[in-house]
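The values are calculated or read from the model by the stated rules, or taken from the named source; none is laboratory data. As the structure is a computational prediction, the values presented were derived from the model and not from experiment. Every residue, glycine as well, gets a Cβ built from its backbone with ideal geometry; the counts of neighbours run over all protein chains shown.
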Amino acid sequence: MSDEVRYYEAVGRRKRAVARIRLYPGDGQIVINDKSLQEFFGRRQDWQNVLAPLKLTDNEQQFNLSVLVKGGGITGQAEAIRHGVARALLVVEPGLRPTLRRAGYLTRDPREKERKKPGLKRARKAPQYTKR
C-alpha cells in the first residue's frame, strides 16, 4: 500500500442540501452528479459560489472536483458545495483556515425553514382578523 492519498473528502450542508465532495489533484475539472458545473447550475452566481473557496486560495487549476449533492434547492445546493469544498481544502492544507474562516466559507449556515404552527396559515402568518 502506498502513502499517497488519491482524494480528499468532505461534506458541506446548507438548509436541506447535503453535498459530498471529493477533491482530486488535477487540472480544474468539476463534475456534479455526473454533469459539468455549467450543465448542472444554470446561473453564473451559483458557479461563482461553487468556485469561491478555490479562487480565494488560488487552487482553481490544482484540483478536480467530484460532487454528489442531494436535497434542497438550487442555491442551497450551490452553497452546500461551497461549504464542502472549503472543508476539503482544509484537509489538504490546514494553514488555509484563517483565510477561509474570514471569508465565512467554513461556517455552516444554521438557518432552516421554520415549521408551520397549528392555527396559523404558515409559520407566522395568522388568519385575517374580522370584527363582524
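For this structure, a couple of remarks:
- Residue check, ASP58 modelled with pLDDT under 95, of a type in the set (D, E, K, R) and either assigned to a helix (DSSP H, G or I) or in contact with a Lys or Arg (Cβ under 6 Å, 6 or more places away or on another chain) (or both): no
- Filtered residues of region 1-19 (kept if more than 14 Å from LEU54 (Cβ to Cβ) and either part of a strand (DSSP E or B) or in contact (Cβ under 8 Å) with a residue 60 or more places away in the chain (or both)): GLU9, VAL11, ARG13, ARG14, LYS15, ARG16, ALA17, VAL18, ALA19
- Conditions (1) in contact (Cβ under 8 Å) with a residue 24 or more places away in the chain; (2) part of a loop (DSSP other than H, G, I, E, B); (3) surrounded by fewer than 22 Cβ atoms within 10 Å (Cβ to Cβ); number of the one not met by ARG22: (2)
- So GLU114, is it part of a helix (DSSP H, G or I) and out of contact with any Leu (no Cβ under 7 Å at 6 or more places or on another chain): no
- Test: TYR105 is part of a loop (DSSP other than H, G, I, E, B), aromatic (Phe, Trp, Tyr) and surrounded by 14 or more Cβ atoms within 10 Å (Cβ to Cβ): yes
- Only one of VAL31, VAL69, VAL50, VAL91 that is closer than 15 Å to TYR8 by Cβ and of a type in the set (A, V, I, L, M): VAL91
- Inter-residue pairs, beta-carbon under 6 Å, first closer than 30 Å to ASP58 by Cβ and in region 95-122, second assigned to a loop (DSSP other than H, G, I, E, B) and not hydrophobic (A, V, I, L, M, F, W, C), 6+ apart: LEU96/THR57
- You will find that of GLN128, GLN48, the residue that is over 27 Å from GLU4 (Cβ atoms), out of contact with any strand residue (DSSP E or B) (no Cβ under 6 Å at 6 or more places or on another chain), without any contact (Cβ under 8 Å) to a residue 40 or more places away in the chain and in a helix (DSSP H, G or I) is GLN48 and no other.
- Matching residues, region 25-36, being exposed (fewer than 13 other Cβ atoms within 10 Å of the Cβ) and either under 17 Å from GLU79 (Cα atoms) or among the small types (Gly, Ala, Ser) (or both): SER36
- Meets criteria (assigned to a loop (DSSP other than H, G, I, E, B), under 13 Å from the mean Cα position of the chain (by Cα), closer than 23 Å to GLU112 by Cα and touching a residue at least 12 places away in the same chain (Cβ under 8 Å)) for GLY76: no
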